[in-house]
Structures are given as structure tokens and as C-alpha cells.
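All remarks here apply to the structure that follows.
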Amino acid sequence: MNSLNNERLKYISISMQDVIKDLDEIISIYDSQPIVIQKHLEQSFRTSFLQYKELLGNYMSQCLKILAISVNKITYADAIELCIKEEFLPKNEIVLYKTLSKFRNDTAHVYKKPPFKVLIEFYKEHRDFLINIIKTINSVIKKG
């Protein structure tokens with residue numbers, strides 16, 4: 001069995017922490033900004049949200065490699081379930097992971113740009129979930 005690339009996982013963890021800081025900062029200044037700046041902050045928030053999901057996908061790919069499973073050969077939902085089963089991800093309702101993925105897909109593929117208010121409410125309600133993912137990554141790094 002392959003081993004985890006701890007340096008890569010550390011990079012992913014640090015990057016995810018940076019994204020959380022960026023999202024928090026946007027929330028803290030958003031209401032006090034003129035409309036034109038708010039529009040830019042909304043786009044930055046969407047981009048950061050997308051970045052978090054991409055980092056999560058990179059993390060899952062790294063983890064599944066040690067199980068000799070290619071993420072290209074399974075569905076995103078199956079990848080999540082395997083990562084949860086192998087304790088690479090915290091046990092949360094899979095709907096949270098799927099919602100995060102849907103926001104990413106809607107943003108990246110421009111199916112329908114999710115309203116900023118929907119994204120920000122999801123973030124506020126599930127910020128602890130996103131942080132727990134980072135904590136789990138850090139635990140995996142310590143074990144490795």
C-alpha cells in the first residue's frame with residue numbers, strides 16, 4: 001500500500017485554512033462597503049468557496065491513492081463515503097458534502113450562479129463543518 005504524501009496534505013490544510021480566513025474577512029467587511037466593492041467581494045467569496053471544494057477534492061484524491069482507488073473511476077459521493085469510512089473525513093451528513101459540491105459545480109460551470117446570500121448563509125451555518133474537515137486532515141497528517 002502507498003503512503004500519504006504528508007507534505008502535500010500539509011499544503012492542502014494550510015490552503016484550506018487560508019480560504020476560511022479569506023471567507024471570514026469578506027463577511028466581516030462586506031456590509032460596510034459600497035455596492036461596487038460588494039460585487040467584487042461576492043465574486044471573491046464564490047471563488048474562495050470554489051477553491052475550498054477543489055482543495056477538498058485534491059485531499060480525497062491523495063487519500064484514495066493509498067487505497068489504490070482512482071477518483072476518476074468512482075462518483076464524488078462514493079469518494080466521500082470511502083473517505084468517511086476510512087476516517088479521512090469527519091462523519092457528517094453526506095448532504096453537506098454534496099451541497100458543497102453543488103455550489104462548486106454551479107459556480108465553476110456557470111449552470112446557475114448561486115446567490116451570494118445562499119452561499120454566505122451556508123458558510124455561516126456550516127463553518128464548523130468546514131473547519132472540522134481541516135482538523136481531520138491535520139489528524140491524518142499526524143498519524144502518517
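The values are calculated or read from the model by the stated rules, or taken from the named source; none is laboratory data. It should be emphasised that the depicted structure is a prediction, and the values quoted were computed from it without experimental measurement. As a convention, Cβ positions derive from the backbone with ideal geometry for all residues, glycine included, and neighbour counts pool all protein chains shown.
One line per residue, one yes/no per condition, for (1) loosely packed, with under 15 Cβ neighbours inside 10 Å; (2) over 28 Å from residue 4 (Cβ atoms); (3) in contact with a helix residue (DSSP H, G or I) (Cβ under 9 Å, 6 or more places away or on another chain); (4) at pLDDT 70 or above:
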residue	(1), (2), (3), (4)
104	no, no, yes, no
108	yes, no, yes, no
112	yes, yes, yes, no
117	yes, yes, no, yes
120	no, yes, yes, yes
130	no, no, yes, yes
133	no, no, yes, yes
137	no, no, yes, yes
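Answer yes or no as to whether residue 4 is over 22 Å from residue 96 (Cβ atoms), touching a residue at least 40 places away in the same chain (Cβ under 8 Å) and among the aliphatic types (A, V, I, L, M). Lay out the reasoning, then the answer.
Working: over 22 Å from residue 96 (Cβ atoms): yes; touching a residue at least 40 places away in the same chain (Cβ under 8 Å): yes; among the aliphatic types (A, V, I, L, M): yes.
For residue 4, the condition - over 22 Å from residue 96 (Cβ atoms), touching a residue at least 40 places away in the same chain (Cβ under 8 Å) and among the aliphatic types (A, V, I, L, M) - is met.
Among helices (runs of 4 or more DSSP H) lying entirely in the range 1-87, which contain 1 or more residues that are at pLDDT 95 or above?
Output list reads 6-30, 35-65.
The number of residues in the range 16-60 that are surrounded by 15 or more Cβ atoms within 10 Å (Cβ to Cβ), among the hydroxyl-bearing types (Ser, Thr, Tyr) and farther than 17 Å from residue 100 by Cα comes to 1. The single condition among (1) closer than 20 Å to residue 128 by Cα; (2) touching a Ser or Thr at 6+ places or on another chain (Cβ under 6 Å); (3) of a type outside the set (Phe, Trp, Tyr) that residue 71 does not meet is (1). In the set (1) loosely packed, with under 13 Cβ neighbours inside 10 Å; (2) under 20 Å from residue 138 (Cβ atoms); (3) at pLDDT below 85, the condition left unmet by residue 96 is number (1). Is one or more of the residues making up the range 69-86 more than 19 Å from the chain's Cα centre (by Cα) and either hydrophobic (A, V, I, L, M, F, W, C) or buried (at least 17 other Cβ atoms within 10 Å of the Cβ) (or both)? Looking for residues that are more than 19 Å from the chain's Cα centre (by Cα) and either hydrophobic (A, V, I, L, M, F, W, C) or buried (at least 17 other Cβ atoms within 10 Å of the Cβ) (or both), one finds at least one in the range 69-86, hence yes.
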